[in-house]
Structures are given as C-alpha cells and as structure tokens.
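Taking it in order: structure first as structure tokens, then the write-up.
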Amino acid sequence: MGSFLAVSDSRYNTAARGVIVTGGGTGIGRATAQGFAEQGDQVLVVGRTERTLAETALDRPNIRTLAVDITDPGAAEVIVSTALREFGRLDVLVNNAGIAVPAPVGQIDRRSATEQLEVNLLAPIFLTQQALPALAETNGTVVNLSSAGSLGRRAWPYLSIYGAGKVAIDFLTRTWAVEFAPRGVRVVAVAAGVIATGMGIRSGSTPQEYEGFLAQISKLAPLGRVGQPEEIAWWVRQLTDPAAGYATGTVLAVDGGLSVT
C-alpha cells in the first residue's frame, strides 16, 4: 500500500515537465502540445512549417517551436538537445507526426512509400533512441500515436503503407515497453479513430470529399460522430500522468467504438 500511495502522490509534484511533441503544427499534435502547456508543462513542438508551429505557440510562453524535418539525418539529436537546453529535462516524448498518401497497391510509388515509412516509422525509432537516456533520468513516458484503423484483423484499402507503419508502431510500443521497463521508462500508444483534423485534405481529398468521408464515418461509429483533436490529446496526457504509472505496453483505442463493430 505504501508504494502505491507514493506513486499516486507523485502526480501532485509541481515541477514542470519537459515534453516533446512531433507534428505539433496542426491537429492532434497541436491540441496535445497546447494541453500539456495549459497544465503547466514546458513543451517543444516540432514540425516542418514555422507558421503553423507559431500558431500552436501563440500566447503560450511555455511552448517552444522547432522547425525541422524529423527524417533528416541528425534531426533526432537536434530535437532532444534543444529540449534539454530549453527545459533541462525530458519527461514525455509524443511521437505524433504522420503522413498518409492513399493509393491502391498497383499505384504505390517508391518515393511516396519511402516518405511515409520514414516519417511514420523510422523517425519515431531514432527519436526515441536519442531521447531514451534523458527519459530514463526522469522515469519518463513515450506516447506513440497509432491508428484504430490498423487494429485487429481489419483491412484498410488504399492506405496499406500508412496502415502497415501503424501496425509496426503498435509492435514497437509493446516491445519497447519491455525493453525500457528496467530503465523506468513507460511506452504506450493511443490508437486514434477518425478525428476531424483536416488530414484528408492534406492527403489529397477535396473539401467536399473529406466532409463526405466524415459524414460516412459518423453514421458508422457507435457514438454517431467523429472525434476531435482535443479528445485524443486528453488521453495522451492521462497516460503520461504519474497516476497511470502501472500502464505500459498498451495500445488504447479511442475511436467512438468503430473498431469493435
């Protein structure tokens, strides 16, 4: 009982944590970064576009921005060293950045496949590798953003490369949880359902096509709607709370029940 109380009481530690959020310029990444900042943490948002990162950080002095391509050689070292220089510690790494290029298998080209795997899979691997020593000093947490569309035995036509990367992320979450546990680092994932982030438009759909897709999903989901970025961000924060300290290796589906229908 004493050890449980000690873990639970640590949630009231007032020290600001150091947090890295990749893909922090839009959608889930933006909501996650802002949510951490609102609860008093120090956040480094990482992305390719300075303008969108600046919008995330607007009027939030405890958000720092870093415009960098996470697939560049040396990017992981730059990101982690920047966070440590700014905050002096690293407690949470959120591997959120992701891209999708829909295509049937016969039309997948090597360039787009390589780009998706570099962003969605390889970059999180090397960023986590770089961050691990600092996370071990704080008993920190890695949160990987996965997708409910890749869970179980479901198919995902036209998004085979994106989905395969997310399946790999789920496997890495479980494997890293075991590997990192002796160092006091937890690894979890949030498998988001269809969230109104505008990702479909960025992936090539017209606004009308994207709205039609969201309407279709709203009819299929048991809760009768698509999700909002803030709802995923809330779960990310909960899983990094010290009171969640017994959770590791889990992939939590937050999708309005769609994956269980």
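The values are calculated or read from the model by the stated rules, or taken from the named source; none is laboratory data. All values derive from a computational prediction rather than experimental measurement. Using ideal geometry, Cβ is built from the backbone for each residue, glycine included, and neighbour counts are taken over all protein chains shown.
Between Gly47, Gly29, Gly18, Gly23, which is in contact with an Asp or Glu (Cβ under 7 Å, 6 or more places away or on another chain), buried (at least 21 other Cβ atoms within 10 Å of the Cβ) and either among the β-branched types (Val, Ile, Thr) or at pLDDT 95 or above (or both)?
Just a single option satisfies the conditions, and that option is Gly18.
Of all residues assigned to region 62-83, at least one qualifies as being surrounded by 16 or more Cβ atoms within 10 Å (Cβ to Cβ), assigned to a strand (DSSP E or B) and of a type in the set (A, V, I, L, M, F, W, C).
On the stretch given as region 60-95, residues that are of a type in the set (D, E, K, R), under 16 Å from Gly29 (Cβ atoms) and under 18 Å from the mean Cα position of the chain (by Cα) total 2.
Give region 153-202 a look and list any residue that's within 19 Å of Val119 (Cα to Cα), in contact (Cβ under 8 Å) with a residue 60 or more places away in the chain and in a loop (DSSP other than H, G, I, E, B), or say none. Selection gives Thr197, Gly198.
Okay, residues lined up against (1) of a type outside the set (A, V, I, L, M, F, W, C); (2) loosely packed, with under 13 Cβ neighbours inside 10 Å; (3) more than 30 Å from Gly74 (Cβ to Cβ):
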site	(1), (2), (3)
Asn139	yes, no, no
Val142	no, no, no
Tyr162	yes, no, no
Val187	no, no, no
Gly227	yes, no, yes
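Check region 5-14 and report whether any residue there is at pLDDT 95 or above and closer than 18 Å to Leu90 by Cα. No, there is no match, as no residue in region 5-14 is at pLDDT 95 or above and closer than 18 Å to Leu90 by Cα. Among the residues of region 28-59 satisfying the criterion of being part of a helix (DSSP H, G or I), in contact (Cβ under 8 Å) with a residue 60 or more places away in the chain and of a type in the set (S, T, N, Q), which is farthest from Gly193 (Cα to Cα)? Result: Gln34.
Checking each residue in region 183-205 for being under 14 Å from Gly29 (Cα atoms) and either at pLDDT below 90 or touching a Gly at 6+ places or on another chain (Cβ under 6 Å) (or both) picks out Ile195, Ala196, Thr197, Gly198, Met199.
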